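Please treat every number below as a calculation from the coordinates, not as lab data. Every value quoted in this text rests on a predicted model; they were computed, and no experiment measured them. Ideal geometry is used to build each Cβ from the backbone, glycine not excepted, and the neighbour counts take in all protein chains shown.
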Amino acid sequence: MRLRASLVAAALALAGCEQASSGFDDARADPRDAARVALGERVYLQHCASCHGARLEGQPDWRRRLANGRLPAPPHDESGHTWHHPDAMNFAMTKHGLVPPHAPPNYESDMPAFADKLSDDEIWSVLAFIKSRWTSREVREARAQMSASAAAR
């Protein structure tokens, strides 16, 4: 019950993360589309798993800065924060890297931009794959609330 309350609180607090002009969930990242999820898994394993983990677990101590001041790669499973963000934001951070408006100016990150390596369809497929792993009732309900909040704006 405490976890659920925390997730709902986080969902409501983070609902403002999305840009007003975009919805929260995007059909191009549909986790129910088996073909898209399968493509996304292949692309993820080839381009993302080396940093974010084959099981989406992220790097150890991902909240603690490294000696170079950068943060380790976060998990994309339910223990991380990826599920808090709208699909458009996750897409933009993957395509363009951690640059404004999704990071402060001059922010340094090991997250590369994939615009020159992956097609938009491949990026959306990776997001569908990641979303297909968010199966807990708490996360699904929190995302549904964030989606409804975004739609009401």
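With a sphere of radius 10 Å drawn around the Cβ of R133, what net charge do the other residues whose Cβ falls strictly inside it have (Lys, Arg +1; Asp, Glu -1)? The partial results should precede the final answer.
Values: positive: R55, K131; negative: E41, D77, E78.
Summing Lys/Arg as +1 and Asp/Glu as -1 gives -1.
By the gyration tensor of its Cα atoms, with a ≥ b ≥ c the square roots of the eigenvalues, what is the shape of region 2-152: rounded for a/c under 1.5, prolate for a/b over b/c, or oblate? Provide the component values of the computation, followed by the final result.
Details: a/c = 1.33, a/b = 1.14, b/c = 1.16.
Rounded is the answer for region 2-152, as its axis ratio a/c remains below 1.5.
Can you tell me how region 73-153 classifies by the Cα gyration tensor, rounded, prolate or oblate, using a/c under 1.5 as the rounded cut? Since a/c reaches 1.5 and a/b is larger than b/c, the shape of region 73-153 is classed as prolate.
Search the structure for amide H atoms under 5 Å from the amide H of G97, placed 1.01 Å from N in the peptide plane, and list their residues when 5 or more places away or on another chain. It is F114, by chain and number.
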